Amino acid sequence: MRGGEIRAGFLSYFEERGHTVVPSSSLIPNDPSLLLTTAGMVQFKPYFLGQQEPPYPRATSVQKSFRTTDIENVGRTIRHMTFFEMLGNFSFGDYFKEGAIALAWELVTERYGVDPDRLWATVYVEDDDAAKAWLEYLPSDRIVRRDRPLDEVPLEERGKFDNFWSMGVAGPCGPCSEIFIDRGPAYGPEGGPDASEERFLEMWNLVFMQFERDDDFNIVGELASKGVDTGSGLERVAVTLQGVPSIFETDLLAPILEGAQSATGATYGRDDRDDLALRILTEHGRAATFLIADGVVPSNEGRGYVLRRMLRRVVLHARRLGVEAPVMGRLIERTVEVLGDAWPELVERKAFVLQVAASEEEHFGATLRQGMVLFGEEVERLRAEGSRSFPGRAAFLYHDTYGFPVELTAELAQEQGLEVDIDAFERLMGEQRDRARAAAKGGRDERALVEAAREAGRTEFFGYEHLAAEGRVAGLVRGGQRIESAGEGDEVEVLLDRTPFYAEGGGQVGDTGVVRTPSGEFRVEDTVAGPGEAIVHRGRVTRGEIRADQEAEAVVDAERRAAAMRSHTGTHVLHWTLRHLLGEHARQAGSLVAPGRLRFDFTHFEGLDRDDLERIESTVNSRLGEDAPVRAYETTFEYARSQGALALFGERYGDLVRVVEVGDYSIELCGGTHVPHTGQVQLALIQSEGSIGSGLRRIEALVGPDALEHVHLERRLLEEVAEALGAGDPRQAPDRARRAAARIKELEAALGRVRAEERAGRVEELVAGARDVAGVRLVLAELPGEDPGALRELAIKLRDRMERDGHGAAVLGTADGSKATLVAAVTKPLIDRGVAAPLLIDRAAEAVGGRAGGKPHLAFGGGGNPGALPAALEGVPARLAELVGG
């Protein structure tokens, strides 16, 4: 079976058995707790958590999935990937263990045609129900129980089982049952999955959502509505059904591997190290293509950093194969050829993917060269010190800043006769992971809010038509706890059954305003989308108290809302203008719509000059001045897309969507609030434009009265500048300013020449006063009041001056009220005799309370004991004599 046949056959099999086929969601999840979509169940998470009612009892999907945990293992095994296609079937309170096992068995043995004698199953050690169900199909000696009973597992180890699964937070969890296939003795020893997972390959994981857990992984009870979540990697199934050694020989990846060979000139199967590099290029090339197509762009944080790290690994391993030219283009082309039919977004966004990858590849080429220079300098420093241990901190720096895998650093170090301090590297990596985990856990505890929202149900939103509405207080939460009442000064989250308040979404900030009840008043400081379909009002009780189930009047801050509406309509017009003037690739990648201002991120690969920005600003304001109508309506997603409505990367849309049309030119899917006519926006004024990542630009602008106020401010500033320059007409100010700047530049150049002459004289004066230490000239001086930069420059000039006559060293010091600074410079002949600059001032630096470091020819030191500087300098001659053996 080819990959496409497996994919289609899986969906049709489950569709025939009553499952709704659900399209894959984006790799950018609609879930702030997740970096990337890791499994098929992610888009169904609200159903399993009870936040939303599932629209169908059974579902099936082929989900684009990405897991960062396997990056370091890619290419080293036959089965590890970052990106993969997850085949899955799901039950929401419908069938359970017996049904899931029966469906899986029939598909694997009858549709796939796998010999039942080659199959094994694992179950959780306490899951007797699953073990019993498997006995219908497998002998007991091929049913493996795994893991210890939960109450025997230390708290810190819970949640790390092979056969017990949870979402990582309090909520649904349950035992798993995995299906393995025996690939035969050529791939490892007998004994089942616990003996060799190269021979016994996991094909499918069946998760039974049976229990509810707390934050400490304690089981607090069984779920009222049990569910099933399964995941089967398409690539692993292809390995089995195509009878190939690894995922890289399947028809899903083999053509991309051929592209990697073509791009590098390497031949797969000849050399183990080359094979590893080719596999990494193949897997990462495919994964990066999917990430970029879904709207991820390289950056230094979050999912953008994952993409950047992968692209850097591609470049690094291409260099290890001796290839300096770009390789991603060939890998992307092959990926689109192989998978474009199944994933049409790859074809639609191919040009964008190629541009992003090419830009990052070119950028990292320069970064790689810089990293290699730093590596060389570190090796030089270690040799000067006589050390054979390459510091873990340096390896971590190259890994974290320059994208060097530690394996590459270790190889490079080994070639230089050095050994990387892996323990220190791992310690630093562990500290970084701890920081990341701590940051990930920094969110608020929303269990009480989830419960309150579930009871309150859907919030009716009246904010498109009204800025005030009567409603009822449907729930109160304070500090992660449900409460019945809140008093003056309390910060609370309020749920209403009906509200005019717009919840933050689509870039637009949430509304503010006031909620009044018969007994008190609540100031709404922010409005956000809550669990399920609830709207959450966050703020503070400013008078009396508010109580659950009270009648309430909700009133939106009308002026602030109007300003946000102007910004939102202005954003749509700006989006259309960018696509119209720059090209269809200039698509929205993020936005902030706030009262009076907007921030718009878009995909583009060149900076915009002043003429570009003026043209964009002029076009936007011309469109606004047309006073075209702005129309919003609901329709089906399919109809909206057929009309050309823009849908944004990463957004999830239901069957019904809201469309916003501006005039006859802009049409987008949008849930935000807008002015009825573009003329009400009044004015848009671009403030700035710049890069925020590879292929990603940002425009910030002011809108409406805020823009006009800024124009007035700029006019006043221009008038004041003209007055200061003595220009009667403000139009003369630029010329006056340019002439003044030119005159200042002339004076600074003249001053620089005078100072250079002074420094030259100072150098000669200091060299003339050099002392002889064991046959070596030593300039030693304390120079009060000098800044460290000037001290460094002077030391270099002294070294260069002495090198003309032979050899020598210079040690200079300065101190202020809190710190002493030392600089040492050494000529090359002296370095060849074993006198490195850091060694020359190491004891002096310790004397002033610090340490010395730097390169053999130039070193720096210092500490917090400035009073000890004179004595520290006096010890330098003895240190020099010791180093030269005098």
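Per-structure values
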{"read-out": "Translational diffusion coefficient (Stokes-Einstein; Kirkwood radius from C-alpha pairs) of region 721-784 at 20 °C, 1.002 mPa s, in µm²/s", "value": "136 µm²/s"}
{"read-out": "Efficiency of FRET between Arg270 and Gln414 - r from beta-carbon atoms, R0 30 angstrom, step 0.05", "value": "0.85"}
{"read-out": "Cα→Cβ-extended label distance, 7 Å offset, between Ser140 and Ala8, nm", "value": "4.5 nm"}
{"read-out": "Extension gain (nm, one decimal) between Ser691 and Tyr305, 0.36 nm per residue minus Cα-Cα", "value": "137.4 nm"}
{"read-out": "Normalised convex hull volume, region 542-658, alpha-carbon set, Å³ per residue", "value": "190 Å³"}
{"read-out": "Leu840 - accessible surface, heavy atoms, 1.4 Å probe, Å² rounded to 10", "value": "0 Å²"}
{"read-out": "Geometric extent, Cα atoms of the chain - Rg, Dmax (angstrom)", "value": "33.7, 99"}
{"read-out": "Structure-based [θ]222 nm, the chain - -39500 (n - 2.57) summed over DSSP H runs of at least 4, per residue, nearest 500", "value": "-12500 deg cm²/dmol"}
{"read-out": "Efficiency of FRET between Asn73 and Arg393 - r from beta-carbon atoms, R0 25 angstrom, step 0.05", "value": "0.50"}
{"read-out": "Label point distance in nm, Met429-Asp655, each placed 7 Å from Cα along Cα→Cβ", "value": "4.9 nm"}
{"read-out": "Under-26-angstrom lysine pairs by C-alpha in the chain, whenever the two are 8 or more apart or on separate chains", "value": "23"}
{"read-out": "Per residue, the convex hull volume that the Cα atoms of region 650-722 enclose (Å³)", "value": "154 Å³"}
{"read-out": "Fraction of the pair-distance distribution of region 777-886 above 25 Å, Cα-Cα pairs, percent", "value": "11 percent"}
{"read-out": "Computed label-point distance, nm, for sites Arg615 and Asp735 using a 7 Å Cα→Cβ extension", "value": "2.9 nm"}
{"read-out": "For region 763-826, diffusion coefficient by Stokes-Einstein and Kirkwood Rh (Cα), 25 °C, 0.890 mPa s, µm²/s", "value": "207 µm²/s"}
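The values are calculated or read from the model by the stated rules, or taken from the named source; none is laboratory data. Keep in mind that what you see is a predicted model, and the values were worked out from it rather than measured. With ideal geometry, Cβ positions are generated from the backbone for all residues, glycine too; neighbour counts draw on all protein chains shown. When the accessible area is computed, the model is the full protein with side chains, heavy atoms only, and any ligands, DNA or RNA have been set aside. Shrake-Rupley method; radii C 1.70, N 1.55, O 1.52, S 1.80 Å.
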